[in-house]
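Just dropping this structure here.
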Amino acid sequence: MAMVDNDLPQLSHLDDYQRYGRQMVLDGFGLEGQLKLQNSSVVVIGAGGLGCPALQYLAAAGVGRLGIIDHDTVELSNLQRQILHTDKTIGSPKAVSAARAIAALNPRVNIDVCPTALDSSNALSILAPYDVILDCTDNAPTRYLLSDSAVRLRKPLVSGAAQKFDGQLCIYNLGDDGPCYRCIFPKPPAPEMAGSCEETGILGAVTGIIGNLQALEAIKLITGLHDGKASLLLFNALSVPPFRTVKLRSRKPTCAACGIEGQKIGAIEETDYVAFCGGARPDWLERGLEVSRPESRICVKELKSVFESNVNHTIIDVRPRTEFGICRLSRSTSVPLNILLANPAPYLPSDKSCQVFVLCRLGNDSQIAADAIRVIDSNLIVKDVVGGLRAWSNEIDPSFPVY
Ligand SMILES: Nc1ncnc2c1ncn2[C@@H]1O[C@H](COP(=O)(O)OP(=O)(O)OP(=O)(O)O)[C@@H](O)[C@H]1O
């Protein structure tokens with residue numbers, strides 16, 4: 001009778017050999033690699049476009065403990081890329097929705113659900129119990145907070161980013177001398193330059209690729225398959241080949257977070273990361289009529305009245321042409337913002353009694369465009385439409401598409 005060698009370490013359950021067999025047979029992986037995964041823990045911050053695929057592959061591979069941190073709730077517009085969430089979980093906390101999907105995929109994984117925003121007051125205590133940190137978020141303050149926390153806790157930070165057709169991947173704080181996020185990006189971008197996926201657009205498969213790579217890098221780190229060399233991977237879905245890798249130097253001695261030449265950042269708990277990144281992003285949407293020159297703005301209700309009257313007017317829609325092709329108000333003219341800013345004159349009415357209403361999706365770009373028009377023609381009556389087409393859909397015409 002064949003005897004099992006009891007000296008050999010074992011996976012927790014007999015059927016785990018079947019579940020993970022296809023990866024355990026890989027050279028360099030083996031039982032040892034699977035046991036390392038089983039005994040490991042990974043925390044994923046952000047259960048969105050990057051976090052969903054990352055969590056899915058980490059759970060399927062058999063990582064023993066997964067932390068899911070996200071304060072947001074599932075929306076319909078998330079489902080195009082945040083593949084753990086479904087129509088049925090719209091309105092639920094993303095952390096809860098993702099945890100349910102992961103539990104269905106692999107019930108053996110221990111899951112910590114944390115439907116909370118990671119901030120400087122809770123980051124160190126939330127992240128400390130885990131071996132590897134995955135940054136699957138979408139904003140600069142959280143990126144710096146995560147990087148500083150990873151440095152402080154001496155843990156690798158697998159960071160992903162994706163926008164439009166582009167993605168980036170990097171392991172910060174790798175080994176003894178891998179650079180941190182601040183070594184590469186000592187200064188944050190201006191808040192208005194850090195556009196969200198809502199503003200810039202994102203192809204779902206791009207977040208799938210980067211999120212998968214984050215899971216892969218975490219698995220390589222845990223199982224000892226990573227070569228320990230720091231690099232920045234750049235992806236563009238439309239380029240051939242789509243991947244490029246840039247080797248990274250070791251950490252910068254002068255880095256304010258990880259450099260040896262004097263640490264300059266203070267206690268994480270006392271650092272205001274939002275202020276460091278230039279303050280909250282200008283919340284244009286909330287700029288009411290009373291706050292900023294009422295005479296230079298028009299709300300959608302007033303715009304509707306204009307349409308119903310015989311006021312002489314023209315509507316300039318400054319969204320990109322692709323968006324103008326998705327939906328538009330009748331009798332509006334497309335002049336994308338960049339074209340208008342380069343030279344507004346050809347697009348303006350010669351009849352000075354003709355009022356100009358400038359329109360965009362959310363009411364941000366139209367303000368910039370209206371200001372530019374006023375600079376070149378102070379005699380025209382120019383108004384931006386507060387809240388843009390989103391407000392039109394919400395307040396005037398529910399059949400007008402929201403995207
Ligand atoms: N400090 C933070 N703590 C916890 N979760 C965070 C933090 N910062 C960002 N996130 C989460 O990271 C995720 C980023 O994913 P993604 O950009 O795909 O989603 P989104 O914010 O829903 O996108 P959209 O721009 O379309 O609204 C979001 O679910 C967001 O709530």
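The values are calculated or read from the model by the stated rules, or taken from the named source; none is laboratory data. It should be emphasised that the depicted structure is a prediction, and the values quoted were computed from it without experimental measurement. Positions of Cβ are backbone-derived with ideal geometry, glycine not excepted, and every protein chain shown enters the neighbour counts. When the accessible area is computed, the model is the full protein with side chains, heavy atoms only, and any ligands, DNA or RNA have been set aside. Shrake-Rupley method; radii C 1.70, N 1.55, O 1.52, S 1.80 Å.
At a 1.4 Å probe, what is the % contribution of carbon and sulfur to the accessible area of the chain?
Roughly 54 percent, rounded to a whole number.
Moving to a separate point now. What relative contact order, as a whole-number percentage, does the chain give when Cα pairs under 8 Å and 6 or more residues apart are counted?
It comes to 12 percent, rounded to a whole number.
A further question follows. About the Cα centre, and with charges only on the beta carbon of Lys, Arg (+1) and Asp, Glu (-1), how big is the dipole of the chain? Nearest 20 debye, please.
Dipole magnitude for the chain comes out near 640 debye.
Let me ask you something else. Tell me, what HN-Hα J-couplings in whole Hz come from the Karplus equation 6.51 cos²θ - 1.76 cosθ + 1.60 at θ = phi - 60° for each residue of region 251-261, using x for Gly and Pro?
Using θ = phi - 60°, the values come out as 4, 7, x, 8, 4, 5, 9, 10, x, 8, 7 Hz.
5 Å is the cut-off here: which amide hydrogens, built 1.01 Å from N in the peptide plane, fall below it relative to GLY67, excluding neighbours closer than 5 in sequence?
Hits under the 5 Å cutoff: VAL42, VAL43, VAL44, ASP112.
A follow-up question, please. Excluding ligands, DNA and RNA, what is the solvent-accessible area per residue of the chain at a probe of 1.4 Å, expressed in Å²?
Per residue, the chain has an accessible area of 50 Å².
Suppose we flag GluC sites (Glu not before Pro) only when DSSP calls them loop and at most 11 other Cβ atoms lie within 10 Å. Which is the longest uninterrupted stretch of the chain?
The longest such stretch corresponds to 1-260.
Can you give the helix-only mean residue ellipticity at 222 nm for the chain, where every DSSP H stretch with n ≥ 4 adds -39500 (n - 2.57) and the sum goes over all residues, rounded to the nearest 500 deg cm²/dmol?
-8500 deg cm²/dmol
A further question on this structure: Straight-line reach only, C-alpha to C-alpha below 12 angstrom: list the aspartates and glutamates that LYS88 could link to, leaving out same-chain residues fewer than 8 apart.
Straight-line reach from LYS88, under 12 Å: GLU75.
Taking amide H atoms as placed 1.01 Å from N in the peptide plane, list the residues 5 or more away in sequence, or in a different chain, whose amide H sits under 5 Å from that of THR73.
LYS94
Students sometimes get this wrong: rank ARG154, ARG390 by accessible area, probe 1.4 Å, all chains present, largest first.
In descending accessible area the options line up as ARG154, ARG390.
Here is a follow-up. Computed on alpha carbon atoms, what radius of gyration and Dmax characterise region 102-145, expressed in Å?
Taking only Cα atoms of region 102-145, I get Rg and Dmax of 12.5, 34 Å.
Sticking with this one: What list of ³J(HN,Hα) couplings, whole Hz, do you get for region 172-189 from phi and the Karplus terms 6.51, -1.76, 1.60, once you set θ to phi - 60° and write x for glycine and proline?
Per-residue couplings from phi come out as 8, 6, 7, x, 7, 9, x, x, 9, 4, 5, 4, 8, 10, x, 10, x, x Hz.
Taking the inverse of the average 1/r across all pairs of different Cα atoms in the chain, what Kirkwood radius in Å do you get?
For the chain, the Kirkwood estimate is 23.9 Å.
Once amide H atoms are placed 1.01 Å from N in the peptide plane, what residues at a sequence separation of 5 or more from ILE202, or on another chain, have their amide H within under 5 Å of its amide H?
Under 5 Å from the amide H of ILE202 lie the amide H atoms of LYS164, each far enough along the sequence or on another chain.
Further, regarding this structure: Which whole-Hz couplings ³J(HN,Hα) result when phi for each residue of region 18-29 is put into the Karplus expression 6.51 cos²θ - 1.76 cosθ + 1.60, θ = phi - 60°, listed in order with x for Gly and Pro?
Computed from phi, the couplings for region 18-29 are 6, 4, 9, x, 5, 8, 5, 6, 6, 4, x, 9 Hz.
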